[in-house]
Structures are given as structure tokens and as C-alpha cells.
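> Let me begin by handing over the structure; questions about it come next.
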Amino acid sequence: MLSSWRSLFDASSVEEVEALACKEGLRLAVEWIRDRVILETDYATFARAIRQKETRSSLCFILEDIRECISELPDVVIRTVKRECNCAAHELAQLAKRIVHTAVWHAQVLRCIERVIAQECNNLSE
């Protein structure tokens with residue numbers, strides 16, 4: 001497992017924040033992960049845009065960066081999840097808003113989201 005948070009100051013929309021978070025996660029995965037990567041987002045339109053070869057989206061440059069990261073990874077699954085199943089990402093985003101710095105965890109879970117991760121993993125196995 002790889003998790004992180006980063007404060008963003010220049011994003012112009014919620015969609016751009018989600019796109020930048022996906023890009024950052026994949027960029028970190030390129031550095032740290034050598035197995036299958038599962039990218040989860042609750043933004044279905046964006047997940048579809050990643051899979052398309054061309055897009056007219058205002059996020060096209062971020063999408064190009066994401067596709068480049070994906071090409072460097074052995075296996076990437078892009079999964080759209082319901083917002084209520086994406087609570088860990090929400091908690092990390094809220095933490096980033098309160099604590100203005102960047103942090104990354106590899107092969108461990110931040111203590112304040114352990115319960116949320118366990119619940120989300122249990123929901124997947126049911």
C-alpha cells in the first residue's frame with residue numbers, strides 16, 4: 001500500500017484537485033511500486049477520460065501526464081468507486097488542508113485512517 005497527502009494551492013476546481021491527486025499517486029507508484037497498481041477515484045467522468053486516447057477536457061495536460069505514468073507501470077487498474085467507499089482519500093485530503101506539507105507512506109497506513117482503511121477493505125471483501 002502506498003498513501004500520501006499533499007497540499008494544493010493552485011487548483012481551480014474539485015475536478016482538477018482529483019486529477020492532480022491521481023497524477024501524484026501514479027507518479028509515486030512509478031517510483032515505489034513494481035506490482036499491480038489500483039487507482040481509485042469517485043470521479044467517474046475523469047476515470048473514463050483516463051481510459052480514452054484523446055480528450056477535449058480542460059484537464060488534458062494532467063491526463064497526458066497520467067497516461068505517461070501508466071505507461072511506465074506494469075499493470076494499472078482504474079476503478080471508479082462510490083464516494084462513501086473512498087473515505088480514506090477524503091480523510092487524507094482533509095488532513096492536507098489542515099497540515100500544510102507533503103507526506104508519503106509506503107507499506108504502512110497512517111494511524112488516523114487505520115479504521116477507515118479496514119472498513120473499506122472489509123466492504124471490498126463482502
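> Using a 10 Å cut-off on Cβ atoms, rank the peptides 51-62, 13-24 from the highest mean neighbour count down.
Working: 51-62: 12.3, 13-24: 18.0.
Ranking, from highest mean packing down: 13-24, 51-62.
> While we're on this one: Hey, got the dipole for region 11-70? About the Cα centre, +1 on K and R Cβ, -1 on D and E Cβ, debye to the nearest 20? Don't skip to the end; give the middle numbers.
Details: 9 positive and 12 negative charges, 57 e Å.
Dipole size: approximately 280 debye.
> Now for a different question. How high is the relative contact order of region 20-81, in percent, counting Cα pairs under 8 Å that sit 6 or more residues apart?
55
Read-outs throughout are calculated quantities, based only on the coordinates presented, and are distinct from any laboratory measurement. Just so it is clear, the model here is predicted, and its values are computed rather than measured. All Cβ positions, even for glycine, are placed from backbone atoms using ideal geometry, and neighbour counts span all protein chains on display.
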